[in-house]
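*Asks:* Attaching a single structure in structure tokens format; questions to follow.
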Amino acid sequence: MRIRTSTSEELPVLQDIERAAGLCFRDIGMDEVADDEPLSLEELSRYQRAGRAWVAVDDADRAMAYLITDPVDGNIHIEQISVHPDSARRGVGRALIDHIAARAAGDGVPALTLTTFVDVAWNAPYYAARCGFRALTEAELTPGLREIRLSEAGHGLDRWPRVCMRRDVGLGRAATGQRASDGS
């Protein structure tokens, strides 16, 4: 597996990855999430052109997962991370997160943030146990994170409990002495 920035030609593949990854939500009664369409090609293109879209690729250079980010209140916010089910449970998502954490550290960015579902095993519990994130209290939310949560609520995502999470750069696997492959 290697991690690199995405190309404009593979943006439709990113949509396919997200659709396939979303299907598992149907298995836990979250059909609306499973049926939610991915970002448009135009939206993905903005991330790609800004250098804020990364893919994990196999030996044939085919994308099997992707991650896009936004700058939010001085941190790097993970807007979306999706792993194709055929590549799930192999550390691909964690490698993407570790790659972004290493980039953040190199750029002097203090933390990664994300928003996610509290009660979905491969969401908040996974990010806390495997990726070094911690849940933020309401008092710890920055203005940008509050804005993101309001937008999510407007899209109906608050039907299920959600949480904002933070990973201070340098915590997680890197702090335990494990070296994550950043694909460079």
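The values are calculated or read from the model by the stated rules, or taken from the named source; none is laboratory data. Computed from a prediction, not measured in an experiment: that's the story for all the values here. Heads up, the Cβs are rebuilt from the backbone with ideal geometry, glycines too, and the neighbour counts pull from every protein chain shown. To get the accessible areas, we keep the full protein, side chains included, count just its heavy atoms, and leave off ligands, DNA and RNA. Shrake-Rupley method; radii C 1.70, N 1.55, O 1.52, S 1.80 Å.
*Asks:* Need one word for region 45-150: rounded, prolate or oblate. Basis is the Cα gyration tensor (sqrt eigenvalues a ≥ b ≥ c); a/c below 1.5 gives rounded, then a/b vs b/c decides.
*Replies:* Here region 45-150 falls in the oblate category.
*Asks:* Rounded to the nearest 0.05, what FRET efficiency do residue 158 and residue 46 give with R0 = 35 Å and r taken as the Cβ-Cβ distance? Could you check?
*Replies:* So, using R0 = 35 Å, E works out to roughly 0.85.
*Asks:* Relative contact order of the chain, please, whole-number percent, based on alpha carbon pairs below 8 angstrom and at least 6 residues apart.
*Replies:* Relative CO of the chain lands at 22 percent.
*Asks:* Treating each Cα of the chain as an identical point scatterer and ignoring solvent, apply the Debye formula and state log10 I(q)/I(0) at q = 0.10, 0.12, 0.19 Å⁻¹.
*Replies:* -0.36, -0.54, -1.53
*Asks:* If you roll a 1.4 Å probe over the heavy atoms of the protein chains, what accessible area per residue do you get for region 1-141, in Å²?
*Replies:* On a per-residue basis, 49 Å².
*Asks:* Continuing with the same structure: With θ set to phi - 60°, apply the Karplus curve 6.51 cos²θ - 1.76 cosθ + 1.60 along region 77-93 and write out the HN-Hα couplings as whole Hz, x wherever there is a Gly or Pro.
*Replies:* Along region 77-93, the couplings run 9, 7, 6, 7, 9, 9, 10, 4, x, 5, 10, 5, 6, 10, x, 5, x Hz.
*Asks:* If packing is taken as the average number of other Cβ atoms within 10 Å across a peptide's residues, how do 112-118, 5-11 rank, most packed first?
*Replies:* 112-118, 5-11
*Asks:* Highest mean first, how do 20-27, 50-57 rank when packing is the count of other Cβ atoms within 10 Å averaged over residues? Please report the intermediate quantities before stating the final value.
*Replies:* Values: 20-27: 15.9, 50-57: 20.1.
Most protected by this proxy first, the peptides run 50-57, 20-27.
*Asks:* If every alpha-carbon in region 81-131 counts as one equal scatterer, what log10 I(q)/I(0) does Debye give at q = 0.17, 0.26, 0.27, 0.29 1/Å?
*Replies:* Once normalised to I(0) and log-transformed, intensities are -0.57, -1.10, -1.14, -1.21.
*Asks:* Next question. What FRET efficiency, computed as 1/(1 + (r/R0)^6) with R0 = 22 Å and r the Cβ-Cβ distance, is obtained for residue 4 and residue 109, rounded to the nearest 0.05?
*Replies:* 0.65
*Asks:* Determine the dipole magnitude for the chain: charges of +1 sit on the beta-carbon of Lys and Arg, -1 on that of Asp and Glu, nothing else is charged, the reference point is the Cα centre, and the result goes in debye to the nearest 20.
*Replies:* Values: 22 positive and 29 negative charges, 165 e Å.
With only Lys, Arg, Asp and Glu charged at Cβ, the dipole is about 800 debye.
*Asks:* Roughly speaking, to the nearest percent, how much of region 38-164's 1.4 Å accessible area is carbon and sulfur?
*Replies:* The C+S portion of the solvent-accessible surface of region 38-164 is 50 percent.
*Asks:* Now a separate question. Give me the distance in nm between label points sitting 7 Å out from Cα along the Cα-to-Cβ direction at residue 151 and residue 135, one decimal.
*Replies:* 2.4 nm
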